[in-house]
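The values are calculated or read from the model by the stated rules, or taken from the named source; none is laboratory data. Treat the numbers as computed from the prediction; the structure is a model and nothing was measured. Because the Cβ atoms are built from the backbone with ideal geometry, glycine has one as well, and the counts that use them run over all protein chains shown.
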Amino acid sequence: MPTVKGDGMRGLAVFISDIRNCKSKEAEIKRINKELANIRSKFKGDKTLDGYQKKKYVCKLLFIFLLGHDIDFGHMEAVNLLSSNRYTEKQIGYLFISVLIGANNDLMKLVIQAIRNDLAGRNPIHITLALQCVANIGSREMAEGLSVDIPKLLVSGDTIDSVKQSAALTLLRLLRSSPDSIPMGEWMSRIIHLLNDQHMGVVTAAASLIENLVKKNPEEYKGCVSLAVSRLSRIVTSSYTDLQDYTYYFVPAPWLSVKLLRLLQNYPPPEDPAVKTRLSECLETILNKAQEPPKSKKVQHSNAKNAVLFEAINLIIHMDSDPNLLVRACNQLGQFLQHRETNLRYLALESMCLLATSEFSHEAVKKHQETVITALKTERDVSVRQRAVDLLYAMCDRTNAEEIVGEMLEYLESADYSIREEMVLKVAILAEKYAVDYTWYVDVILNLIRIAGDYVSEEVWYRVIQIVINRDDVQGYAAKTVFEALQAPACHENMVKVGGYILGEFGNLIAGDPRSGSAVQFQLLHSKYHLCSPATRGLLLSAYIKFINLFPEIKHIIQDVLRSDNNMRNADVELQQRSIEYLQLSSITTADVLATVLEEMPPFPERESSILAKLKKKKPSSVPEGSEQKETTASKIPAVQMSNNVDIAPPTSINLMSQGESSTDDFVDQGSPQGGSASVDLLGLGSPTQPTAPSVGSGGLLDMFDTLTSHSSAPATNGIDLGGLSGGAEEAFRKFICKNNGVLFENDLLQIGVKSEYREDLGRLWVFYGNKTTFQLNAFLVDVSTPGNLSESLSIQQKPVGGEVEAGAQVKQQFNMACVQEFAEAPVMTIQFLYSGAQQKISLKLPVVLNKYITPAEMDANTFFTRWKALNSPSQECQQIIKATSPIDHEQVKAKASGYCVL
Amino acid sequence: MIKAILVFNNHGKPRLSRFYQYYPEDMQQQIVRETFHLVSKRDDNVCNFLEGGTLIGGSDFKIIYRHYATLYFVFCVDSSESELGILDLIQVFVETLDKCFENVCELDLIFHVDKVHYILAELVMGGMVLETNMTEIITRIEEQNKLEKSEKAKLDGTPVLIQTYETLDLSILNELREKIAKM
């Protein structure tokens, strides 16, 4: 018999002391490995270990695990301990399992069996152990295995309180990890009445469980509102002696109060006037108590009291219906803003953020602006300063935007690195949202780049350019300001990007002043050129070619730069190509063509600020959805509307902005990049690419059809299994090259019609699925895939289609497509559905072909022939004579050509 | 929901780690290290809440901690918990430990890992607050201790039995043991 001193275990104590005495990590690992080997041999040995020994070894393993070593044995021994009759052995077994065994362990079946035995037993202490284990692991297997036992324990009349408490939380855990494995049943209706239970511990646990159920199905548990209110009322109005043990530092049942207040935040204000009054009384009492002198000087007392108070304020904000309470809440938080406890200042800032979004209290919050700004400047704790930034962001509106943005900019200079990026986004958003004077906006963004250039993400500088381009009243000012900013000896690369872009577009607006004449502008930009990354250089090259158009007088200087070895033979393919192409473009084209190609950027389509989208992604919680909505409608911003639909933003304009990175592989292949259209694309001017060869004769056209179809069908059949694709479908697909509407596919079950329309780079296509049978088609699913790298060239957005198609009915599905660059294959649409139980699958090529994106160009005969003659290099001409299979019908050719989009 | 409860000392040595959501072992170690890194560089009189842990949860996640002498008690929670409520819970946990170990110190946590787990199990279950009433918690712990003592007494008692009934044969002794165990 080993000697047991006190309740300790000598072997364990010795081992731990050894570890603690280890001088080095190596020594520690050595000692641990020795011990692991020892335990392993003990477990494997013939001698059966008694409970005490097992317990000792398991404790050792737990300690080793805590130090960060994997334990890959001992599991079986632990499982064996579960079936011991001794409490201590069972206890250590369960502990080992819930700490060390993952949910997917092979032994889980045995564990569940042991748990079930304990649950079925009558010993509450064993039941509690088993429940603890379930709650801590909470695997799906457990949920499935114990889905009946646990709810039964919870609502059964003869379960003792402590077990009920544990059962509630265990059930909660299982509902969380595998909600579908718990059968709903009679227990559900009884569960809300646990809020009336005598035992406060049971009520607390039940409140947690009910809140989770309510989140999924508020209607079902609506009854809990009045129960929770009356329970809360009884706690709040009780004196601290009433609840005895559940009074924590003179505060009656703070945790339960918090839970109940949280639970109520899942519902709108109570409809029943009696309940509503009672709740208002509770909230008022809580607010009143905050003004009473503290009953104890201990921090625990104020913590507990304030935990309840903050939750009450959150509920007031959530209900957002009683202006009186809202203003009181705001005043209370205002007091906390200056409290000496850092925690309270932190929480006050956090809650005030929510309050700022309510229309009743927005003005009241603004009264504290000075305090918040002081907090931003003087708080020692970065967490608190971060909250202050959040609050300033939330309380900002048109009246105080200039001041708040100014303060945030000032703070940015000394802000912690961890919050700079977020601050930059916030400043940029506020400046844009509340700008009355867009010169101010431009100043703010340039300041942002100056102060925190590294943290200014692409979205921010893209956005300033979008706004400058869309607003002509600010363009001159922007050009002047960036020109000045670029004169700083060291300026951030982002500044160079913005500067290059804006001067390239609007440099002419300031060229009148000899101090910022064309050559000066160019020299200034070019002085930064060699310090920049290739992407920025690419952008600058584009700015240079634009300069050639704006300032013909410096054309030769720019051409020299383009011609220099550093550009023309640059190792970077993109730069090399730009230099060569721009040089060619500037030397061979007439001024007219150049002016057309390098025309000023067209305005960007209005859409949600990409910055806002980025902030949302970064911190979903920090952008109050409701307030955005409210603000935009309230403060009608003339130029830059913000809508909330991020998805609809057309991808084209993104390309406009990312010209620095645009891939030009396609043009490299073409060999002679002297045609104007190639450069147009590279510049990303967004003007529709015009066909250089308008209709010349039916022969050429028919030929083009042939090459197009054969080209497009080859990769599709290679890459994708077109099992359901009938010969007729291919035929039908080809018809769509020359027309926009028609039947794409038909069999005994289904007829598929297509209607489409195209404008420039955007296309819309409706597919009509007609059910020809007399049965419903179930699980109707349509999926569109893009073979190969088609997804890079053509972006397809698919509207959802319903799961069923009724007999004889027709459903419509819309596809939006944007052509990004040329493509050869067609997207493949896979339609799957169940027809009287049998799975049907049809694969079809969606009739989206490149020529749909061609836009005819209107021109008179003279212009046409000038252009035609300009195409004089041999590689631009191709002729092929084929034998017509049918006589040439003038009308038919015309119809085809117009369907082909060239007429 | 409480995602994890961690206790480590001023040097970052873990003294207790309890995860209420499954993380692989190496991830658990990383979380402990990251949390220590975040918490240890903060002054003592700044606020007890902190965001910025990247390994658990992301934006919907806060660290709430208290620093007692040589130990940090850290609760990693999501936004459904009240910050001050958790702060009080930490206090309850520490006060309970203090009562159970009579002036708790780091060594107690080291040498009685199992005990600490049992105490915690009475407070928090599956990531939710189970019981906050310290009297109730201590009653339950004492019940456990009593059971443990009685079981040990039975163990310690067996040699006495052997001495007294030296002549008894072993099979009877085993029966006796089983009977005791079942009592």
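Here are the numbers:
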quantity: Any hit, the stretch B:19-35, residues being within 25 Å of B:Asn103 (Cα to Cα) and touching a residue at least 12 places away in the same chain (Cβ under 8 Å); calculated: no
quantity: From B:Glu95, B:Glu136, B:Glu143, residue being facing chain A (nearest Cβ under 10 Å), part of a helix (DSSP H, G or I), over 30 Å from A:Ser178 (Cβ atoms) and touching an Asp or Glu at 6+ places or on another chain (Cβ under 7 Å); calculated: B:Glu136
quantity: Test: residue in the stretch A:305-316 that is over 36 Å from the mean Cα position of the chain (by Cα), at the interface with chain B (Cβ under 10 Å from one of its Cβ atoms) and buried (at least 18 other Cβ atoms within 10 Å of the Cβ); calculated: yes
quantity: Residues of the stretch A:349-400 satisfying the condition of being hydroxyl-bearing (Ser, Thr, Tyr) and within 14 Å of chain B (Cβ to nearest Cβ); calculated: A:Ser351, A:Thr378, A:Ser383
quantity: Which numbered condition A:Val214 fails, given (1) surrounded by fewer than 18 Cβ atoms within 10 Å (Cβ to Cβ); (2) under 39 Å from the mean Cα position of the chain (by Cα); (3) within 14 Å of chain B (Cβ to nearest Cβ); (4) more than 18 Å from B:Gly126 (Cα to Cα); calculated: (1)
quantity: Selection count where residues are touching a residue at least 60 places away in the same chain (Cβ under 8 Å) and surrounded by 19 or more Cβ atoms within 10 Å (Cβ to Cβ), scope the stretch A:542-596; calculated: 8
quantity: Residue ranges of helices (runs of 4 or more DSSP H) in the stretch A:494-602 with at least 2 members among the hydroxyl-bearing types (Ser, Thr, Tyr), out of contact with any Cys (no Cβ under 9 Å at 6 or more places or on another chain) and farther than 25 Å from A:Arg450 by Cβ; calculated: A:573-588
quantity: Residue among B:Gly12, B:Gly85, B:Gly53 that is part of a loop (DSSP other than H, G, I, E, B), surrounded by 17 or more Cβ atoms within 10 Å (Cβ to Cβ) and among the small types (Gly, Ala, Ser); calculated: B:Gly53
quantity: Selection count where residues are small (Gly, Ala, Ser) and surrounded by 14 or more Cβ atoms within 10 Å (Cβ to Cβ), scope the stretch A:104-159; calculated: 8
quantity: Residue satisfying condition, being of a type outside the set (Val, Ile, Thr) and farther than 13 Å from A:Ala388 by Cα, within set A:Leu347, A:Leu309, A:Leu337; calculated: A:Leu309
quantity: Selection from the stretch A:153-199 of residues that are among the hydroxyl-bearing types (Ser, Thr, Tyr), farther than 13 Å from A:Ala143 by Cα and not in a helix (DSSP H, G or I); calculated: A:Ser156, A:Thr159
quantity: Flag for B:Cys76 being crowded, with 21+ Cβ neighbours inside 10 Å, part of a loop (DSSP other than H, G, I, E, B) and of a type outside the set (Gly, Ala, Ser); calculated: no
quantity: From the options A:Ser710, A:Ser793, A:Ser726, residue that is at pLDDT 80 or above and not basic (Lys, Arg); calculated: A:Ser793
quantity: Tally, over the stretch A:52-79, of residues that are away from every other protein chain (no Cβ under 12 Å) and in contact (Cβ under 8 Å) with a residue 24 or more places away in the chain; calculated: 7
quantity: Condition broken by A:Ser147, with the remaining ones in (1) within 11 Å of chain B (Cβ to nearest Cβ); (2) among the polar types (S, T, N, Q); (3) within 16 Å of A:Met108 (Cα to Cα) satisfied; calculated: (1)
quantity: Failed condition for A:Ala135, given (1) in contact with a Leu (Cβ under 7 Å, 6 or more places away or on another chain); (2) more than 10 Å from chain B (Cβ to nearest Cβ); (3) under 17 Å from B:Tyr22 (Cβ atoms); (4) not aromatic (Phe, Trp, Tyr); calculated: (2)
quantity: Tally, over the stretch A:189-224, of residues that are touching a residue at least 40 places away in the same chain (Cβ under 8 Å) and of a type in the set (S, T, N, Q); calculated: 3
quantity: Out of B:Val46, B:Val39, B:Val32, sole residue that is within 11 Å of another protein chain (Cβ to nearest Cβ), of a type in the set (Val, Ile, Thr) and part of a helix (DSSP H, G or I); calculated: B:Val32
quantity: Some residue of the stretch A:225-238 being buried (at least 23 other Cβ atoms within 10 Å of the Cβ), modelled with pLDDT of 90 or more, away from every other protein chain (no Cβ under 14 Å) and in contact with a Ser or Thr (Cβ under 8 Å, 6 or more places away or on another chain); calculated: yes
quantity: Conditions (1) over 17 Å from the mean Cα position of the chain (by Cα); (2) at pLDDT 90 or above; number of the one not met by B:Leu55; calculated: (2)
quantity: Contacts under 7 angstrom Cβ, first residue in the stretch A:759-781 being basic (Lys, Arg), partner assigned to a strand (DSSP E or B), 6 or more apart; calculated: A:Arg764/A:Ser756; A:Arg764/A:Glu757; A:Arg764/A:Gln814; A:Arg764/A:Asn816; A:Lys772/A:Leu750; A:Lys772/A:Gln751
quantity: Candidate set: the stretch B:56-73, residues that are away from chain A (no Cβ under 11 Å) and either of a type in the set (Val, Ile, Thr) or touching a residue at least 40 places away in the same chain (Cβ under 8 Å) (or both); chosen: the one surrounded by the most Cβ atoms within 10 Å (Cβ to Cβ); calculated: B:Phe73
quantity: Residue count for the stretch A:154-181, restricted to those that are closer than 13 Å to A:Val134 by Cβ and either within 14 Å of another protein chain (Cβ to nearest Cβ) or charged (D, E, K, R) (or both); calculated: 15
quantity: Top-ranked residue in the stretch A:243-278 [being surrounded by 17 or more Cβ atoms within 10 Å (Cβ to Cβ), aliphatic (A, V, I, L, M) and part of a helix (DSSP H, G or I); ranked as nearest to the other protein chains (Cβ to nearest Cβ)]; calculated: A:Val258
